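Quick note: the coordinates plus some simple rules give every number you see, no bench work behind them. Source: prediction; values computed, not measured. Heads up, the Cβs are rebuilt from the backbone with ideal geometry, glycines too, and the neighbour counts pull from every protein chain shown.
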Amino acid sequence: MNDTHKGHKIIVSTSRLAATRWEPRLTVIWSEDGEGKLSKLTIKRAFRVRREAEMEGLIFAKKWIDDGKPDLSPNSAPNECLSSEARSE
């Protein structure tokens, strides 16, 4: 599932955890000061329906953007995100 939000391209995929569980995987791409940026986010929640995991991932990505793209790495403050990886392109 792909979408855009405030100039950010959001790509949502899912990972199968068990026969009936899905975990959202997010990639957010944007440009900042003329430099390409990319962040990969994984939400540590499992969903029974793949489409629900995709929709919740999209909602999470949009909120992350709206909140100013806070650091969600494991060493930052506790949050719902399992991992975050950011890099410049």
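Report, by residue number, each residue of the range 16-53 that is out of contact with any strand residue (DSSP E or B) (no Cβ under 6 Å at 6 or more places or on another chain) and not in a strand (DSSP E or B). Matches in the range 16-53: 19, 20, 33, 34, 45, 48, 49, 51, 52. For residues that are exposed (fewer than 12 other Cβ atoms within 10 Å of the Cβ) and of a type outside the set (Val, Ile, Thr), tally how many sit in the range 1-30. Going through the range 1-30 one residue at a time, the tally reaches 5. For the criterion of being touching a residue at least 24 places away in the same chain (Cβ under 8 Å) and under 23 Å from residue 73 (Cα atoms), residue 44 passes.
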